[in-house]
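Read the structure below first, then the notes.
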Amino acid sequence: MGNHSTFGHSASGIARHQRTNGELGRPCTGDGSYFLGLRLYRVPPGDEHTFDPYMPIVVNGAILGGIVLAAISPGIHSAAGALAVAGAIGYTAVIAITLPTNLRINNLIARWSIEAPPENWTTVRARWIRFHILRTLISVPALASYVLSVLLGKG
């Protein structure tokens, strides 16, 4: 049985305290290294709950929602329609960022051994975090665009 951790699938929801054979999981490194401000812990097989199956559904649903908002707006040249289109473009950018960066890094991390992560794991983590921040900085205004589109569309 291999020792894999959830941080391979979703670096945002990693390192929860889990029990492994009745014992609290041990940090993966002896030097107290942290991953996203938390210690890395072993997660029992089958307990790798991540955003993997849900994030694509949510983001693609958000894009579809923007298209629907634009379609039911007074027109894409109206403020409500333009905001809906802007939000959909924002969520499309989130996917364009996620696929070549965060997802690729998640797949790389999934192959790591928790007992012996690569020496450059902090560099990989930093890269993942940078792109995660970028996705978030795009997602928040995209959501705000949708909210404003709905509010303006009612007027």
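Brief remarks on what is shown
- Residue list for the range 119-138, filter: surrounded by 18 or more Cβ atoms within 10 Å (Cβ to Cβ) and of a type in the set (S, T, Y): none
For every residue, the table says whether it meets (1) hydrophobic (A, V, I, L, M, F, W, C); (2) under 14 Å from Y91 (Cα atoms); (3) over 20 Å from the mean Cα position of the chain (by Cα).
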| site | (1), (2), (3) |
| --- | --- |
| T101 | no, no, no |
| P117 | no, no, yes |
| T136 | no, yes, no |
| S149 | no, no, yes |
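- For the range 63-81, a residue qualifies if it is of a type in the set (V, I, T) and in contact (Cβ under 8 Å) with a residue 60 or more places away in the chain, and exactly one does: I72.
- Test: residue in the range 80-87 that is surrounded by 15 or more Cβ atoms within 10 Å (Cβ to Cβ), more than 12 Å from G66 (Cβ to Cβ) and either in contact with a Lys or Arg (Cβ under 7 Å, 6 or more places away or on another chain) or among the hydrophobic types (A, V, I, L, M, F, W, C) (or both): no
Residue-by-condition table, conditions (1) aliphatic (A, V, I, L, M); (2) over 15 Å from the mean Cα position of the chain (by Cα):
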position: A71; (1), (2): yes, yes
position: G75; (1), (2): no, yes
position: S78; (1), (2): no, yes
position: A84; (1), (2): yes, yes
position: I105; (1), (2): yes, no
position: T123; (1), (2): no, yes
position: I129; (1), (2): yes, no
position: P141; (1), (2): no, yes
position: G153; (1), (2): no, yes
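- Of the candidates I105, I97, I57, the single residue that is over 24 Å from L152 (Cα atoms), surrounded by 13 or more Cβ atoms within 10 Å (Cβ to Cβ) and modelled with pLDDT under 95 is I105.
The values are calculated or read from the model by the stated rules, or taken from the named source; none is laboratory data. Bear in mind the structure is a predicted one, so any value in this text is a computation, not a measurement. Using ideal geometry, Cβ is built from the backbone for each residue, glycine included, and neighbour counts are taken over all protein chains shown.
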